[in-house]
Amino acid sequence: MTFGEQPAYLRVAGDLRKKIVDGLLPPHTRLPSQARIREEYGVSDTVALEARKVLMAEGLVEGRSGSGTYVRERPVPRRIARSGYRPSGGATPFRQEQADATVRGTWESSSERAEASGAIAERLGIEAGEKVMCTRYVFREAGEAMMLSTSWEPLALTGRTPVMLPEEGPLGGMGVVERMAAIDVVVDNVTEEVGARPGLAEELHALGGVPGHVVLVVQRTFYASGRAVETADVVIPADRYRVAYHLPVR
């Protein structure tokens, strides 16, 4: 078999990947054994093992203890729509994070006082170590965890006010814009930066992923007259979702 100039393990992995994508190795099919790969491609055991590792890292196959390596079910990516903040209408955290009005979901949350790390302090424009309210969310769609979010709000702004706890009090469960308006802080801008990285073990455990899976991270910050009033990291499994933005033309 003639390949290009790639390393042998990548050439083997590429051929097996093509068979998976083309359906020649459908979901739940056992991947050829290491010995079979060695014989079919004329490579060493080391090359065969490394090729299998590549496919596992890409999330195309999974190992089953005592049984072998099998092709994983490939989810059809769904859209997560985003369109910035909604200044009225009682936007809940789920509505705030998922702009598509046809989607219905639930969320769980917990809040605690914390000290701002250097990175979070820079995003909020405060000093490292200053007190913030840290709130962690797990968003679910039809019972399936679809998104994680961790937000930070400076307690110098919200402390000792009715909106100090995002999920409690008279405006508990409402969006950042409406909560801030209740303490006479007018949110007028929001920024989002999207990146990708391997998911952390605890993130993948919560989202139902496997080690090596990539997640999308949306770094979002709300501003009022140039002052950051809330910043958050939204974590989304990249193999199951695509982020779609709806931006108004001004």
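If the Cβ limit is 9 Å and pairs must be 6+ apart or interchain, which residue in the stretch 19-31 that is in contact (Cβ under 8 Å) with a residue 40 or more places away in the chain pairs with which residue that is in a loop (DSSP other than H, G, I, E, B) and open to solvent by 60 Å² or more (accessible area, probe 1.4 Å)?
ILE20/ARG74; PRO27/GLU73; PRO27/ARG74; HIS28/GLU73
What number of residues in the stretch 62-78 are touching a helix residue (DSSP H, G or I) at 6+ places or on another chain (Cβ under 6 Å) and under 21 Å from MET146 (Cα atoms)?
Residues meeting the conditions: 0.
I need every pair where a residue in the stretch 53-70 that is of a type in the set (Lys, Arg) has its Cβ under 9 Å from the Cβ of a residue that is crowded, with 18+ Cβ neighbours inside 10 Å, sequence separation at least 6 or different chains.
Partner pairs satisfying both residue conditions: LYS53/TYR9; LYS53/ALA13.
Considering (1) open to solvent by less than 20 Å² (accessible area, probe 1.4 Å); (2) assigned to a loop (DSSP other than H, G, I, E, B); (3) within 26 Å of LEU247 (Cα to Cα), say which one SER149 fails and leave the rest.
All conditions pass for SER149, except number (2).
Out of all the residues in the stretch 213-250, which are open to solvent by less than 20 Å² (accessible area, probe 1.4 Å), among the hydroxyl-bearing types (Ser, Thr, Tyr) and within 21 Å of GLY118 (Cα to Cα)?
THR221, THR231
Inside the stretch 180-215, can you point out the residues that are over 19 Å from ARG123 (Cα atoms) and either modelled with pLDDT of 95 or more or of a type in the set (A, V, I, L, M, F, W, C) (or both)? Reasoning before the result, please.
Of all residues in the stretch 180-215, those over 19 Å from ARG123 (Cα atoms) come to 181-184, 197-215.
Residues satisfying the conditions are ALA181, ALA182, ILE183, ASP184, LEU200, ALA201, LEU204, ALA206, LEU207, VAL210, VAL214, VAL215.
Quick one: which of ARG160, ARG113 is open to solvent by 30 Å² or more (accessible area, probe 1.4 Å), among the basic types (Lys, Arg) and free of Cβ contacts under 8 Å to residues at least 12 places away in the same chain? It would help to see each step written out before you state the result.
Working: ARG113 fails: free of Cβ contacts under 8 Å to residues at least 12 places away in the same chain.
Result of the check over ARG160, ARG113: ARG160.
Just give me the residues in the stretch 122-132 being in contact (Cβ under 8 Å) with a residue 24 or more places away in the chain and either charged (D, E, K, R) or touching a Gly at 6+ places or on another chain (Cβ under 8 Å) (or both), in sequence order.
So in the stretch 122-132, the residues in contact (Cβ under 8 Å) with a residue 24 or more places away in the chain come out as 123-126, 130-131.
Matches in the stretch 122-132: ARG123, GLU130, LYS131.
Go through (1) outside any loop (DSSP other than H, G, I, E, B); (2) open to solvent by 60 Å² or more (accessible area, probe 1.4 Å) for VAL76 and report which single condition fails.
Looking at each condition in turn, VAL76 falls short on (1).
Determine whether ALA201 is closer than 17 Å to PHE222 by Cα, of a type in the set (A, V, I, L, M, F, W, C) and open to solvent by 40 Å² or more (accessible area, probe 1.4 Å).
Working: closer than 17 Å to PHE222 by Cα: no; of a type in the set (A, V, I, L, M, F, W, C): yes; open to solvent by 40 Å² or more (accessible area, probe 1.4 Å): yes.
When the stated conditions are applied, ALA201 does not pass them.
Tell me, please, whether a residue that is surrounded by 14 or more Cβ atoms within 10 Å (Cβ to Cβ), part of a strand (DSSP E or B) and at negative phi can be found in the stretch 170-187.
No, that holds for no residue.
Can you find, within the stretch 79-109, the residue that is modelled with the highest pLDDT among those that are among the polar types (S, T, N, Q) and open to solvent by less than 70 Å² (accessible area, probe 1.4 Å)?
Going residue by residue through the stretch 79-109, those that are among the polar types (S, T, N, Q) are 83, 88, 92, 96, 98, 102, 106, 109.
Still in the running and open to solvent by less than 70 Å² (accessible area, probe 1.4 Å): 83, 92, 96, 98, 109.
Working: SER83: 65, THR92: 57, GLN96: 59, GLN98: 59, SER109: 93.
Checking each candidate, the answer is SER109.
Identify all residues within the stretch 188-198 that are under 17 Å from the mean Cα position of the chain (by Cα) and open to solvent by 70 Å² or more (accessible area, probe 1.4 Å); write none if there are none.
GLU193, VAL194, ALA196, ARG197, PRO198
Got a number for residues in the stretch 19-64 being polar (S, T, N, Q) and not in a helix (DSSP H, G or I)? Don't jump to the end; show me each part of the working.
First pass over the stretch 19-64, keeping only residues polar (S, T, N, Q): 29, 33-34, 44, 46.
Checking the rest, the ones that are also not in a helix (DSSP H, G or I) come to 29, 33, 44.
Qualifying residue count, the stretch 19-64: 3.
Of the conditions (1) open to solvent by less than 30 Å² (accessible area, probe 1.4 Å); (2) touching a strand residue (DSSP E or B) at 6+ places or on another chain (Cβ under 6 Å); (3) in a loop (DSSP other than H, G, I, E, B); (4) not β-branched (Val, Ile, Thr), GLU167 clears all except one; give me its number.
Looking at each condition in turn, GLU167 falls short on (1).
Might you let me know whether the stretch 35-42 holds any residue that is touching a Lys or Arg at 6+ places or on another chain (Cβ under 9 Å), at negative phi and surrounded by fewer than 19 Cβ atoms within 10 Å (Cβ to Cβ)? Working first, answer last.
Kept after step one, since they are touching a Lys or Arg at 6+ places or on another chain (Cβ under 9 Å), are these residues of the stretch 35-42: 37, 41.
Filter again for at negative phi, leaving 37, 41.
Okay, now just the ones that are also surrounded by fewer than 19 Cβ atoms within 10 Å (Cβ to Cβ), so none.
No: zero hits.
The values are calculated or read from the model by the stated rules, or taken from the named source; none is laboratory data. These numbers come from a predicted model, not from an experiment. Backbone-built Cβ (ideal geometry, glycine too); neighbour counts: all protein chains shown. Side chains included, ligands, DNA and RNA excluded: accessible areas come from the protein's heavy atoms. Shrake-Rupley method; radii C 1.70, N 1.55, O 1.52, S 1.80 Å.
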